[in-house]
Amino acid sequence: MASAAFEEIAGDFEFLDDWEDRYRHVIDLGKAMAPMDAALKRPASKVHGCASQVWLVARVEGGRMRFQGDSDAMIVRGLIAVLMALFDGLTPAEVLAVDAGGELARLGLDQHLSAQRSNGLRAMLKRIREMAAEAGGTEQ
């Protein structure tokens, strides 16, 4: 159920043999991501459970969720870009139906992130699911 944007990332990862190259690619994805408006970086949008500072917001446009995010850590900003590729443009119900763990495992992230980064990624996924549920996707 992955989006075309996520499938492109997965395809890129297949061609990158070395994890260091994949790590750099994730960082590059974060660098390419549009900056988040500073006004959105407020306590309500901060994701708790991340070692870095992380902000995520969502809005619903035409029944589809649009996400924005940012972090003060480059690798985490890249992970946000990966999550945006996975979830942006889906309906709230579709967001909740995504097997995020399975999709991210295709990239090998589950095996190559530190325990702190893995915890932060789980916190971001939890927040995305909460926002989808609040937007009417059910599950709360």
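The values are calculated or read from the model by the stated rules, or taken from the named source; none is laboratory data. Keep in mind it's a predicted model, so treat the numbers as computed, not measured. Glycine also receives a Cβ, built like all others from the backbone with ideal geometry; neighbour counts cover every protein chain displayed.
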>> Checking GLY62 against (1) on the phi < 0 side of the Ramachandran plot; (2) free of Cβ contacts under 8 Å to residues at least 40 places away in the same chain; (3) out of contact with any Asp or Glu (no Cβ under 9 Å at 6 or more places or on another chain): exactly one of these is not met. Which one?
In response: (1)
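Residue-by-condition table, conditions (1) farther than 23 Å from TRP19 by Cβ; (2) at pLDDT below 95; (3) within 14 Å of the chain's Cα centre (by Cα):
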site: ASP37; (1), (2), (3): yes, yes, no
site: CYS50; (1), (2), (3): no, yes, yes
site: PHE67; (1), (2), (3): yes, no, yes
site: GLY78; (1), (2), (3): no, no, yes
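To keep it simple, each residue is scored yes or no on (1) of a type in the set (Asp, Glu); (2) buried (at least 20 other Cβ atoms within 10 Å of the Cβ); (3) in contact with a Pro (Cβ under 9 Å, 6 or more places away or on another chain).
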| position | (1), (2), (3) |
| --- | --- |
| ASP72 | yes, no, no |
| ILE75 | no, no, no |
| ALA81 | no, yes, no |
| GLY101 | no, no, no |
| HIS112 | no, no, no |
| ARG117 | no, no, no |
| ARG127 | no, yes, no |
>> Of the conditions (1) touching a His at 6+ places or on another chain (Cβ under 9 Å); (2) under 19 Å from ARG129 (Cα atoms); (3) not basic (Lys, Arg), LEU16 satisfies every one except a single condition; which number is it?
In response: (2)
> MET33 is checked against (1) closer than 16 Å to LEU83 by Cβ; (2) in contact (Cβ under 8 Å) with a residue 60 or more places away in the chain and fails just one. What number does that condition carry?
Replying inline: (2)
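Condition test on ARG59, is it surrounded by fewer than 21 Cβ atoms within 10 Å (Cβ to Cβ) and assigned to a strand (DSSP E or B)? Show your work before the answer.
On the way: surrounded by fewer than 21 Cβ atoms within 10 Å (Cβ to Cβ): yes; assigned to a strand (DSSP E or B): yes.
Against the criterion (surrounded by fewer than 21 Cβ atoms within 10 Å (Cβ to Cβ) and assigned to a strand (DSSP E or B)), ARG59 qualifies.
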> Restricting attention to segment 91-140, which residues are acidic (Asp, Glu), free of Cβ contacts under 8 Å to residues at least 60 places away in the same chain and over 24 Å from GLU61 (Cα atoms)?
Replying inline: ASP110
